[in-house]
Amino acid sequence: MTPHRPCPHSPSATTNANPDRAATPGPGKASRRPRYPRDRCLPELFEEQAAARPSAVAARHRRRDLSYGELSARSDALAARLRAAGVERGAMVGVCGSRSLDALIAFLGILKAGAAYVPLDDSHPPARLRAMAEDADVRVAVILPGSACRIRRLATRVELAALPDVTAAGPDRPGPHRGAPPPTSPPPSPPPPRPVRTAATDCAYVMFTSGSSGRPKPVALPHRGIVRLATGDTGGSRPTPDDRVLHAYGLSSDASTIEIWSALLGGARLVIADREELLSPPALHALLEAEGVTVAYLTTSVFHHVARTRPAALRGLRFVSAGGEAMDAHLTRVVRAACPDTTIVNFYGPTENSVVSTAHVVDELPADAVSVPIGRPIPHSTAYVVHPDGTATDIGEEGELLVGGDGLAIGYLGDPELTADRFVQRPRIAPRERLYRTGDRVLWRADGELEYRGRLDRQVKLRGHRIELDEVEALLRADPCVGEAVVEVAAAPGPDGGEDDPRGAGSDPDTGPGHRTLVGYVTPAPGLGPVPVEEVRQRLATWLPAPAIPARLVELPEFPVTSAGKVDRRRLAERLAGTPPRPHVPAQAGAPGGTPAAPPPGTPDALRARLAAIWDLVLRVSPAPTSDFFAIGGDSLLAAEVVTRTLTELEIDAAHGSTLVRALLRTPTLDGYTAAVRALRDAPAPPADASAVGPATAATAAAPPAGVETAAPPSAAATARRPAGAVPRQPAETDWERETLLGFDLPPATGPAPRPWAPAHALLTGASGFVGAFLLDRLLRETDARVHCPVRARDARHARRRVLAALARYGLEAPADDARLDCFPADLAAPRLALAPDHADALAGTLDLVVHSAAQVNFLYPYAALRPANVDGTREIIRLAAPRRVPVHFLSTIAVVAGFGTAGVRDVPEDLPLAHADRLTMGYAESKWVAERVLQRAADQGLPVAIHRPYEITGDRRHGACNTETAICSLFRTIAETGLAPDIPLPMDFVPVDHVAAAVVHLATRRPADRRVYHLTNPRPAMLADMVERMRAAGYRIATLPYREWVGELVRHVAENPTSPTAPFVSLCVDRGNKTDISVKEMYLDGIFPRLGRENVEADLAGSGLDCPPVDSALLDRYLEYFFTSGYLERPTGAAG
């Protein structure tokens, strides 16, 4: 079982000001602070409410209620589940989904387990969510029912839909318990977990803010910060048991915390709104009235939109606040006039100070006021306005606002430098107090109120999102089609919307007339033509939330400059005024749901519109016709999901799945994909005796369908920036011998000879992966070498964090001596691995050993897509090792010999020269086949080489920790979920990963690298039937079917569950191999796959004590237990835990 370790806690998080310190309102001061439960945590305070009113409704969504007692019991059950999975105090646990009753259970259950929750809202693009999960070190995630969670490399996944004692799912919600009646009392559950001792200064949750680097920054917030806010009473904001509180913010918005916790800690009812209700004032009005909502914390944009279109919608509230950006004084007056009995408050505060720092209760606003003051510090918060030298300003003087008090964040996770820069001490104004530099320009008014005047830096707030303009500019400049970039804020053209506005009440508050938007100014990249502005905006949508994507991109040949040589932003604005805006699009371009209405069926654009809707659903980005799938956030697994949804929606034979994937790789634009789909859809029907779910013909699997080659090609810019997955068309017949040419001569050997038997320096590729983590662990324990690890990363710190996270993910210890681990950014597919020349030369001059385990592993991609990383990368490793003839140990795969079996060769000894590449079919196996031959050619010139071919690498013997993103694991999951298994003689030749690592390191340091090949297989394997029996013994009910019938059930299962981890592997079961009449999967069945010799491995491991354990019941049960505890498989009901 892998423990999930806590993040470091900042000792300065406890140095906030004394909560009872009195101060007089005015500059640098806070009002007298009433006492509050400063040293208590959120779950403890919630349980007091649950004990006092267990049957009271805690939350309501779509006419479903969740009582305080239910919420308490269900969150207890989840906490127990998390603790059993190894979650420890301080761990970061993701929550994937959207606002719902289940999200409340998840948040509270995570806190009760002593961990911190990290909201990962489904509305974000998958690429951004993966970056958020990585930067917050999320190893465990709770998956809410209905979530299409695409976060990978999780140690544990807890699917709420599979936990009936936890989820609030009912008839109107997705999940396996759809038919169950709504619960009316707390469900039966095990005793509450033993309370985890947490402190008020422990991290309770993590929110992300915009960063100038182009990547969101994770902010760790303590329990104390939200307790101080939820139990405070600014202008009567604190809810009571008689109140009903609107929940309108997304999970990843920090303002959701005040909605949720002020309601739950006050005994009130939380009313969850859907997005459609927030976008339509009439619908919002109906919801507020129907549910009797009395308290609402709104974004400023929603507040303004309601004020313009239906201000009376807020009349039934006793309290409403606005926050996120400056309040418009005129619109605030409109709401005050329409709602005279409603308290209106302007909240101000950064994420780094737990949502709210200051507040202004709106009583009267002068007729000439343009904005609303941001007010005074709320209880237990402080505010100071300072000059650049750190001295306090006088009344009426502008300065930077510094905030402090009990809401202050712990800091930015994994970024101590940025934390130290933004969280400071200013002894001249606040001795011993830690403060956050907001970067906002403010001044103290004579009445003791703060007035917001703008930003000191390039940060703005739009639609409740904090946006770094420098971040947007950095991402624009990084686009290969763009040279220089400037981003500014501009007011959208058009009159202020109202009841008579033709867009009126149904318009979106974020895109209606009068709102503020971003405008980008760009110049073309040198040597390229005009900037494809829509393509550029689509690529921005991969990383940025919708408000941060410029609504307009204005292309200029060059930027005007001032006499000082700086960009003249004033003249840019003047040029904007003379540039006609592009036509209005009904929704914010780049945002989910922004695709225009589909053309009528049968029109030329109807198919493209249907496919665009699928791309939008999967990528959370609305594509343009020329949008590049991979540039706007796609990858191989998302490609598999898009293809699966396409086949299902258009009722195309599943056998064509890999054909569509390859077409998407060749021409990754929406237009290109549409052409490929149209060619398949319009192709002649198969013969009458063809199986509806059987394999495609060899020709179909190997070549594109007729018409695909006429698809619109990607633009020159798209070709220039095409990722590894987007490849040119591969020839129908590859010259495999030509592919294996080394391409250069090895230089004469120079320098000191390497010492692989006692290495001082070793290079290990792939250290952030499954096998690489165990190889690293073994190298650190068995040698004294300093291990150098090239990693795909932004910088050295990010590279190290990725490697350490991989070690932790599989229960391996970080090195005690930091100096022994050298991690640095690199690119396997780039010349010299993208290393600086002096860095590459230094490595070449010191290495004693190279273990090359990195590869791009993908069973869908063709050879041409994998060649840059897997073949050319191997050539670069050879270049690095060649000058001193450093031994290279290469991790290959047993799949390279699969062609022998279909060619009729029954026995393959280790040293038999490779052949039959034309029978392999899978691009991954082909790339490894070529890489082996390239290494053998280097060995012909004197490079010491050894090749290790493992069979199915599985979990370690101690914990059973597996890489669950493999084809065999997906097979087990499909069997568990469907209760059906194929009746086939599939060998379970499992080699535990710790045995593979031990064997490779032993051979690398004890035996000469003399061109030997080692078959790392299991001499005592099992069969699939053995695993099925162990699954039955664990409580599963499983029936067996003939292979073809089972494949039909597999296709139907994936069609119903397109986000299933099995989707990328369906092609293995329906595609025929080249020159064969069987599927790829059948190539590996007993009797077809050749028998593998083990003479070399047995001879060279003799006496080492490294014996591969048999694949027996004990090993299979250990793997099943890991699947259960990690959440990959759900333990069958009634099975012992």
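Mind listing the Cα extents of the range 761-1126 along all three principal axes, in Å, largest one first?
Reported extents, whole Å, longest axis first: 59, 43, 43.
Taking square-rooted eigenvalues a ≥ b ≥ c of the alpha carbon gyration tensor, is the range 203-323 rounded, prolate or oblate, where a/c under 1.5 means rounded and, failing that, a/b exceeding b/c means prolate?
On the way: a/c = 2.20, a/b = 1.30, b/c = 1.70.
The shape class here is oblate.
By the scheme Lys and Arg +1, Asp and Glu -1, what is the net charge of all other residues having a beta-carbon under 9 Å from that of Ala268?
Working: positive: Arg244, Arg269; negative: Asp242, Asp243.
That sum, taken over residues with Cβ under 9 Å, equals 0.
Could you order peptides 220-228, 746-754 by the average number of other Cβ atoms within 10 Å of their residues, highest first? Don't skip to the end; give the middle numbers.
Working: 220-228: 27.6, 746-754: 12.3.
The densest-packed peptide leads the list: 220-228, 746-754.
Sorting check: for 932-942, 658-668, which peptide has the highest mean count of neighbouring beta carbons within 10 Å, and how do the rest follow?
658-668, 932-942
Using Cα pairs under 8 angstrom and six or more residues apart, how large is the relative contact order of the range 747-848, in percent?
Reported as a whole number, the value is 31 percent.
May I ask you to derive the relative contact order of the range 761-1126, considering only C-alpha pairs under 8 Å and at least 6 residues apart, and to give it as an integer percent?
Computed value for the range 761-1126: 18 percent relative contact order.
Quick check on packing: order 288-301, 49-62, 1026-1039 by the mean number of other C-beta atoms within 10 Å, highest mean leading.
Working: 288-301: 21.4, 49-62: 17.5, 1026-1039: 15.9.
Packing proxy ranking, top to bottom: 288-301, 49-62, 1026-1039.
Viscosity 1.567 mPa s, temperature 4 °C: give me the Stokes-Einstein translational D for the range 927-1074 in µm²/s, with Rh taken as the Kirkwood radius over C-alpha pairs.
So the translational diffusion coefficient is about 73 µm²/s.
How long are the three semi-axes of the equivalent ellipsoid for the range 856-990, computed from the Cα gyration tensor as the root of 5 times each eigenvalue, in whole Å, largest first?
So the three semi-axes of the range 856-990 are 30, 18, 15 Å.
Where a number appears in this text, it was derived from the coordinates with a stated rule and is not lab data. These numbers were taken from a predicted model, which means no experiment stands behind them. All Cβ positions, glycine included, derive from the backbone under ideal geometry; neighbour counts span all protein chains shown.
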